[in-house]
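So the structure is just underneath, and the comments pick up after that.
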Amino acid sequence: MKLFSTLKFRLLSSYVLVVLFSLAVTGFFLDRSLERRALEDLRSSMAAQARLIAAQLDPALLLKEDAARTDALVKKISRSAASRVTVIAASGKVLGDSGLPFAEVLKMGNHLDRREVKAAASSESGSVTRLSVTLREELLYLAVPVRQGGATAGFVRLAMPYRGVAAMLSEVRRGVAFSFALSALFALAVGWFVVLLFSRQFGEIVAGSKRFAAGEFDYRIPPSSSGELGKLSDTLNYMAWEIGARVRDAGLRRLELEAAFRDMSEALLVTDGAGVITMINPRARQLMGVKGFDPVGMRLSGMPAGPELSSAAIKALSSGRPVSFEFEPASAAGTTLGVSAAPILENALVRGCVLVARDITGPRKLEKLRKEFVANVSHELKTPLTAIKGNAETLLGGALDDKEHGPGFVKSIYDQSVRLENLVADLLKISYAESGKDRLEKGDVELFSLAQEAVKATAAAAGAKNVTVRNLVPAGLAAAADKDKLSQVLINLLDNAAKYNREGGEIKISAAQEPGAVKIVVEDNGPGIPAAHLPHIFERFYRVDKARSRELGGTGLGLSIVKHLVELHGGSVGVDSAEGRGSAFWFTLPAA
Ligand SMILES: Nc1ncnc2c1ncn2[C@@H]1O[C@H](COP(=O)(O)OP(=O)(O)OP(=O)(O)O)[C@@H](O)[C@H]1O
Ligand SMILES: [Mg+2]
């Protein structure tokens, strides 16, 4: 079945059929014309022979119907003739026959009804032939009239076996058949060769196309083919080259995309139209808490941080519009994710969804801090302003004339103004620090004398509490620092140590050279700081006892300024404290 459907078989069979058909048609017409020609030749030679015999006959004998003499003459004349000769009188009586004994001749019937004789009688010089069966074989008859002065004296009839023509014909036919068979064989061989060549080229093209289909774009169909097949293989080769180049290009693009996908800081996740994950990058795995399994092919809703993302994806998929929101994944508490889900559209049909999640914990925290800062500043400004306004109102309401209480209100207005001034000064310092414009003017700072100056500057605060300050800084110890800023740090710490100390307490300032840094400590034996507050003590506006601190004129900005200035020097700051056992604030300055 397979053989009959092959191109090879079809080509070869049609080729052979055409050759055989044309040979058969040629053979048929050749045979027909050969046979006709052979018969005509035979007839004309027989006619010539018959006329020759007729010429030798004496018409008088025929007219006399002298059978004995005519028969003898016929037998004599036609001894060398290949055909049987019959002489017939005008009446139809047979007068002689070369093929039969005289006795038999006499017994022969009237021959005037024979068709060849009839035809010879009616035509002047023509001859009529007929094919009949007498002597149990096919014979060819031909009769010519014997004329005597315009009248018919009789007829000479020749009969010749058809066998000779048939034998000649069959011999010719055999020859023709043999040559036909030879040419058919030759045609078959040539056809076979052509088909083989053709099918080999075709086979190469088919095999090549199969390899292209299997993705072997580097394969080339051998260039042996010529003509249309050659063009076809050239075209296919070019197509394979083109596709190969495009596939390689697409592969490169995919690698680039994959690299970007893998290394990007955003979490990226792609789902299909049914919410099944088709792609997920490492950052997304990390943010979603995917560990130890491959989520590709799984539903987004089944992931550890899935439900929220899934509902966003569903919204994007169903509305065909991008959705964005923020949320804290259960798998990573304290982290805020900003998520945007965008549908993948193909001809207005939603094919999937791309989810991009960014960790916005930092920016959100900063925003929160800023809001708190504004709220704190407003609050801090409001308190002294309210007090100033209240005191001023009281004075305007008549207290101005009250010699006893009036000055108290004025004093309060003054105190609150100082506090406002301090607050604004601190805020300016902070905003300057935050602007990043703060620059250090470093120099060698002798620490003992610097501490001495700071002690002097805070003497009032210490005096108010009867606090003793001891400067234990070793003489000659120096640090590379901005003298002004370092002085601010020390004053802040000494001010706190005095302000928050107990009545009659003690402050020690010490400094020591450590490997790579100088460490300075301001220690007091005041009430100390409860452990719960320690982590926040350096935050802006943070105060342990808000009421008391405010009463002492504090804003809660001192330590945050200290921290900023120390860090600006490249050092670090900290506190060791326990409730009831005093506090030791320390900071380091890296050695120059
Ligand atoms: N030596 C200390 N002993 C006990 N508590 C302290 C000491 N130093 C600071 N604190 C606590 O830390 C808080 C923050 O101090 P910080 O210097 O930042 O602010 P402040 O002193 O209240 O105001 P400011 O310094 O701006 O005038 C204080 O309100 C106080 O409660
Ligand atoms: Mg302070």
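The values are calculated or read from the model by the stated rules, or taken from the named source; none is laboratory data. None of the values given here were measured: they were computed from a predicted structure. Cβ atoms come from the backbone with ideal geometry, glycine included; neighbour counts cover every protein chain shown. Side chains are part of the model used for accessible areas, which takes the heavy atoms of the whole protein and leaves out ligands, DNA and RNA. Shrake-Rupley method; radii C 1.70, N 1.55, O 1.52, S 1.80 Å.
Heavy-atom accessible area per residue, the chain, 1.4 Å probe: how many Å²?
57 Å²
In straight-distance terms, cross-link reach from Lys411 covers every one of the lysines whose alpha-carbon lies under 19 Å from its own, apart from those fewer than eight places away in the same chain; here that gives Lys382, Lys389, Lys403. Working from Cα pairs under 8 Å separated by at least six residues, relative contact order for the stretch 446-592 is 25 percent. In this structure the amide hydrogen of Asp66, modeled in the peptide plane, comes within under 5 Å of no amide hydrogen from residues 5 or more places off or on another chain. When peptides 189-202, 245-258 are ranked by their average number of other Cβ atoms within 10 Å per residue, the highest-first order is 189-202, 245-258.
Derived scalar couplings between HN and Hα for the stretch 489-496 equal 4, 5, 4, 4, 5, 5, 4, 4 Hz in order, rounded to whole Hz, by the Karplus curve 6.51 cos²θ - 1.76 cosθ + 1.60 (θ = phi - 60°), x for Gly and Pro.
Sort the stretch 273-312 into rounded, prolate or oblate with this rule: let a ≥ b ≥ c be the square roots of the eigenvalues of the Cα gyration tensor; rounded if a/c is under 1.5, and if a/c is not under 1.5, prolate when a/b is larger than b/c, oblate otherwise. Taking the square roots of the gyration eigenvalues as a ≥ b ≥ c, the stretch 273-312 is oblate. Considering only protein heavy atoms and a probe of 1.4 Å, how much of the accessible area of the chain is carbon and sulfur, as a whole percent? Reported share for carbon and sulfur atoms: 60 percent.
Note that the stretch 172-186 has calculated 3J(HN,Hα) couplings of 4, 4, 4, x, 4, 4, 4, 5, 4, 4, 4, 5, 4, 4, 4 Hz, one per residue in order, obtained from phi through the Karplus relation 6.51 cos²θ - 1.76 cosθ + 1.60 (θ = phi - 60°); glycine and proline are x.
Computed 3J(HN,Hα) for the stretch 80-90, one whole-Hz value per residue from the Karplus formula 6.51 cos²θ - 1.76 cosθ + 1.60 where θ = phi - 60°, is 8, 6, 7, 10, 7, 10, 10, 10, 10, 6, 4, glycine and proline marked x.
Label-to-label distance, Thr383 versus Phe193, with points set 7 angstrom from Cα along the beta-carbon direction: 11.6 nm. Would you work out if the stretch 347-472 is rounded, prolate or oblate? Take a ≥ b ≥ c from the square roots of the eigenvalues of the alpha-carbon gyration tensor; rounded if a/c is under 1.5, else prolate when a/b is larger than b/c, oblate otherwise. Since a/c reaches 1.5 but b/c is at least a/b, the shape of the stretch 347-472 is classed as oblate.
The Cα atoms of the stretch 284-378 give a gyration tensor whose axes a ≥ b ≥ c have a/c of 1.5 or more with a/b no greater than b/c, which makes the shape oblate. The stretch between Ser301 and Glu40 holds 83.5 nm of extra length on full extension. This uses 0.36 nm per residue minus the Cα-Cα distance. Here the chain was treated as a single set of alpha-carbon atoms; its pair distances binned every 20 Å from 0 give 13, 18, 15, 11, 8, 9, 8, 7, 9, 3, 0 percent.
Relative contact order, whole percent, for the stretch 264-359 stands at 30, derived from Cα pairs under 8 Å and 6 or more residues apart.
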